1. Looking at the range A:622-639, can you tell me whether even one residue there is over 22 Å from B:ILE199 (Cβ atoms), at pLDDT 90 or above and in a loop (DSSP other than H, G, I, E, B)?
2. Of all residues in the range B:244-264, which are surrounded by fewer than 20 Cβ atoms within 10 Å (Cβ to Cβ) and facing another protein chain (nearest Cβ under 7 Å)?
3. Inspect the range B:285-302 for any residue being assigned to a loop (DSSP other than H, G, I, E, B), at the interface with another protein chain (Cβ under 8 Å from one of its Cβ atoms) and over 20 Å from the mean Cα position of the chain (by Cα) and give the result as yes or no.
4. Looking only at the range A:708-722, filter to residues that are buried (at least 21 other Cβ atoms within 10 Å of the Cβ) and within 16 Å of B:THR243 (Cβ to Cβ); which one of those is farthest from the other protein chains (Cβ to nearest Cβ)?
5. In the range A:186-224, how many residues are among the aliphatic types (A, V, I, L, M) and surrounded by 14 or more Cβ atoms within 10 Å (Cβ to Cβ)?
6. On the given criteria, is A:GLN493 surrounded by fewer than 22 Cβ atoms within 10 Å (Cβ to Cβ) and not hydrophobic (A, V, I, L, M, F, W, C)?
7. Would you check if A:GLU424 is in a loop (DSSP other than H, G, I, E, B), of a type in the set (D, E, K, R), without any contact (Cβ under 8 Å) to a residue 60 or more places away in the chain and within 13 Å of chain B (Cβ to nearest Cβ)?
Amino acid sequence: MSVLSSARRRLRLLTFIGASVFLASQALFVQAALPDDAPVIVSESGSTRALVAMNTRARTGPSFRVVPVGGRVTFYVTNLDLLKGEGASAFRADVQDVNSNRYPLEVLSLQATAERPWVYALTVQLHGAIGDVGDALVRVTWRGMSSNRVRISIGHEGGKIQDDPDSTPTPMPTAPPTHSQAELVGLPWTGDRVRFMMQAGFGVNPVLEARLRRISYSTWIEEQAEEKRDVNGDIRYSTFAYPPFKPTRTLPPGECNGTTGMNDPADPDPLCFRNLYSMFPVQNWFYREALYGEDQQLRRRVSWALSQIFVVGGRETEQSGRMIEYIKILDGHAFGNFRFLLRDVTLSPAMGNYLDMARSTRQNPNENYAREILQLFSVGVDLLNQDGTPQLTPEGNRIPSYSQSTVDNFTKVFTGWTFCSGPECTNRAEGVLNYIDPMAVSPANHDNTEKVLFNGEIVPAGQTPDQDLRQALDNIFHHPNVGPFVSKLLIQQLVTSNPTPAYVGRVAAKFNNNGAGIRGDLKAVVRAILLDPEARGNVKTDPDYGHLREPVLFATNILKPYNPTAQAAAPASCGGLSDGILNIATLPLDQDVYYPPSVFNYYPMDYIIPGTNLAGPEFGIFSTGTALKRPNFVNQMAPPNSAAGVGGIPINITAPIGTNINYAPCGTRIDLSRLQNLVSADPNGSTLIDTLDRELLHGSMSPAMRNDISVAVQTVSAANPLKRARTAFYLVATSPQFQVQR
Amino acid sequence: MIMKNDRREFIKSSCKALSMVAAATQLRHFGAVSVLAQKAAEVTPEVEYKALVCIFLSGGNDSNNIVVPNYDEGYNQYAAARAPQGLAIPRANLLPITPPSMGGQVYGLHPALPDLRNLFNQGKLAVTCNVGPLVRPITRAEYQAGAPRPYQLFSHSDQVEQFRTAISTFKSPTGWGGRLADRTVTLNQGAAISMITSIAGANVFNIGLNSQPLIVTAAPTPLNQVLTLTGFGTTGDEQARRTALDAIRTRDLDKTMVQAASVLTQQAVNVSQQLSQNPVLTVTFPNTTLGNQLAQVAKLMKFRTQLNMSRQIFFVQLGGFDTHTSQLAGQTNLWTQVNNALKAFYDETVAQGIASQVTTFTMSDFNRTFNPSGSGSGVGTDHAWGGHHFVMGGAVVGGDFYGRPTSNGTFFPTLVTSGPDDADTRGRFIPSTAVEQYAGTLSKWFGLPDTDVPIAFPNAANFPAMDLGFMMPA
């Protein structure tokens, strides 16, 4: 408490000092270069030097401005519109020295000033490693928006650092900031709607963009979450039919008559095994859902995100039919309650097989599932604050959430369950592992001794296996880590790799209580993630915002706006739609759909981008080895250097045995004629580039990049509009700027 | 969190890494590579070629079944713990070896390792015993009393990182391969590509403060096709598109992730120009996951003179070692693959005349519980701690075991559950040899100066013997 009160005293002091140098108020502040929703750091009057306050005796003269190395300094920030409870944890700050080294600053506090409640004192701690660098540029970021950058002096005043080109003085405002309401609605927010479709689905659908404008995000989310019924009146979570469950292949005379599995020449149809018993059908189904499943876009996206948290991989599951039973669980609970998701995942035969719970018995316990449900699916390894930051000891160390003993105890809870094979199992079939019904328990194989769970909760000896399971899953579900842990993972999947603690905290609060007193409501969590101010906005200017598009999103995001269809020569049975055989394009990018290398997914969620302090999970599979395969995919879909009509994934029904990964009955192509038509009326290509900027970069293209593309487009003969369109499309889709969803 | 006074430079450089080192600078470095290469080639004195090849056995290899006591008392202890559930390898099937440092006792290698046994007997292969992450040496009593231990023991992802970073006290953003490259970069002047190459994707082992790996795909992709940009013609508008493609990569670098993507792409473009040939190997490599990765390593080595490489670090990986179940068959398949691939690779280095300049070594998440889980054909093992590792090459003082003494005074733990070397009750053997010592010995041979040891291995002061002696003097 004493620390807190002394901090408050210091803040009052700072506020006082700050106020004393405000002097006479300046005219209305103007910062033309900044977006309307960006924070503004107040500068000294008539200068781009920060107005600062320090806990120092010097009140005048140059030394007053100089922040000591490793010291603290307070800035004044305005143009904020804070939510209830939004404070220091919603802000980040950094400083860049004359050598272009950018250092994060620790934000200590944010407090409205007494004199002008619309101006906030933001106090930061400088790391000693920054050194005596002299003048440097400081910035704050808030909700994905960067402020103006203003000069401060560290160690000494002076140096050669240049202001940002569009920098102007931002003196202390005399009145609260006002926003034109006209800017908040309608067409000017196209950028945000495009970003939303990339975050909530698999890319831009021009029809949906117009519709979102009318019905709002909120209504669309409700629509997507609504239960849909198929022709039989059953609930469906998929636009296209799920691939069928095929029981384990029997030896001849079975459906595929060969005996050696994949590509057996003895089969009348050599693709029989691949088409029925491999992961191939579920991968194609996934891409068709992503490209065309408009009434399930959000569910599909959330389910895909969940599949990368609650990982079950095709390496062990092997067959589409088994995997789809697991995906149905993720689909069904995407907007349901986390507690039931946890139950159904735990009892899923696919998971039971994948993490060995199906083989864990009292006599021979296997701790694999117990460890991973705690580490990866619910609690995580470190105790967390409710904003997702790790709790620390006074020495600054993280605190483990559990020990080997905890794992041992949960291991006992999960013993005795296995594939359902008794008469009570609706979908049992002789000689076939039951991958449909939830696992069942053999009480004799269950360890019914006492167990100690989180928070010292005791599972008394002698309970039934089911009672043990319910109690243990309740115990996990109510661990305070679950809200922030799961919320942050979903934010990272959908929106940004490095959410502020404030953002994580707002979403975790929804997880903890959806507003109606219910914990674990995933629909409320998804809504909170997508509608949060840190997710929304036309353009995000925080340099650290966003996430790398994983290969699946890279591929679908560039196809969706351009009417992906079957190849023109496809048979009528294709119905004009792609067969979804796109995994052959993302596999070389190290993302084999539903076939990750391990339970740790395609990439680690805490992967640090080399040379930075930022998490960039998807960078775990973006490397020199995969980087050039992205432009090569773009080239394949719409090769600028080829004749009209060429491009896409070709129809390939005669692939030789052993190489039939290219088998594609319908093929996939995109149609750039809409872009091509823009070219004829537009000799310098600017409408073409504008359209691509809007549809792929939601209007964030920089003038420099735009100019590079413009020069290349105009080099192409205007008599060849297709090549112009494809050249511009290639350059946008291959750009590092597009690889990062911001 | 590694704050100790004699590690100032490490801390300083760590802080710098944490400060998003200037983007543009990095990009310029990559862009200048080929020019530098030409210049340096003229002035650099001859430095003998050396390479380290890390083979990561992903999932946690059960080394309890790879190196087994084959003398009466030792085998009986082993069989007592593993035979009842059917996990013990019959004594007659073990491939006997007699490491001099083990007091004349006979040990046995897993039956799938005939070629590795031959290399052991030829003095080209050594075993380092009971290696694992440690904060400092620790006894069973100290462990059970709560003494400092690596974070999140027995978790895959954390233990993998601790082996790859050789830091067990906090999640390090750099790996020991990367830091070794940082500190030996002066030995590699004029190199046309990154000192570190991973054939198994990006991971922290390969990342230093200033070092980033080149990532390439495995054979059978020809070396000159691992990184190519397709679809460009030669007409003026095609050249303009290529110019724009390259120019766009230099824009918007103030956005951190855009810059990171640009740097990696630029690096790939540069290297694609360097890897213009596909060398032919003398030895036929097995067409397996590991065989194809090592074939690509061997091709890059064969290309070393043209690429002007004096030092190289390679990372390859084989998965499937997380044998919670069905271990006997699974491990036999995996180690057959390892045996055959390592044999081919060693023979190829002999053919290239660099057998004594290439050192290959294994790492893995952890060893597995001595006490099995399950029984019968489904028998497996759970996550544990200290395990045994192989080091192979002409510069290895092979044919022997190395490490630091366990509670019984030898390099091998006492194979008894709840015994003096067990962390708990299931035979999770407490490592006697730290990852730092294992990696430090390899690093010293590679050329890491003694003065840089505390920088490359910030926790080295806790482990007096940073050279375990399994490498010939550099």
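1. Yes, the range A:622-639 contains a residue that is over 22 Å from B:ILE199 (Cβ atoms), at pLDDT 90 or above and in a loop (DSSP other than H, G, I, E, B).
2. B:ALA247, B:ASP254
3. Checked the range B:285-302: no residue is assigned to a loop (DSSP other than H, G, I, E, B), at the interface with another protein chain (Cβ under 8 Å from one of its Cβ atoms) and over 20 Å from the mean Cα position of the chain (by Cα).
4. It comes out as A:VAL713.
5. 8
6. So A:GLN493 does not fit the description; no.
7. Working: in a loop (DSSP other than H, G, I, E, B): yes; of a type in the set (D, E, K, R): yes; without any contact (Cβ under 8 Å) to a residue 60 or more places away in the chain: yes; within 13 Å of chain B (Cβ to nearest Cβ): no.
Considered against the rule, which asks whether it is in a loop (DSSP other than H, G, I, E, B), of a type in the set (D, E, K, R), without any contact (Cβ under 8 Å) to a residue 60 or more places away in the chain and within 13 Å of chain B (Cβ to nearest Cβ), A:GLU424 comes out as no.
So that you can scan it fast, the table gives a plain yes or no per residue for (1) in a strand (DSSP E or B); (2) within 14 Å of chain A (Cβ to nearest Cβ); (3) at positive phi:
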| position | (1), (2), (3) |
| --- | --- |
| B:GLN312 | yes, no, no |
| B:GLN317 | yes, yes, no |
| B:HIS324 | no, yes, no |
| B:LEU328 | no, no, no |
| B:GLN331 | no, no, no |
| B:TRP335 | no, no, no |
| B:VAL338 | no, no, no |
| B:LYS343 | no, no, no |
| B:GLU348 | no, no, no |
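The values are calculated or read from the model by the stated rules, or taken from the named source; none is laboratory data. Since the structure is predicted, the reported quantities are computational estimates derived from the model, not experimental observations. Heads up, the Cβs are rebuilt from the backbone with ideal geometry, glycines too, and the neighbour counts pull from every protein chain shown.
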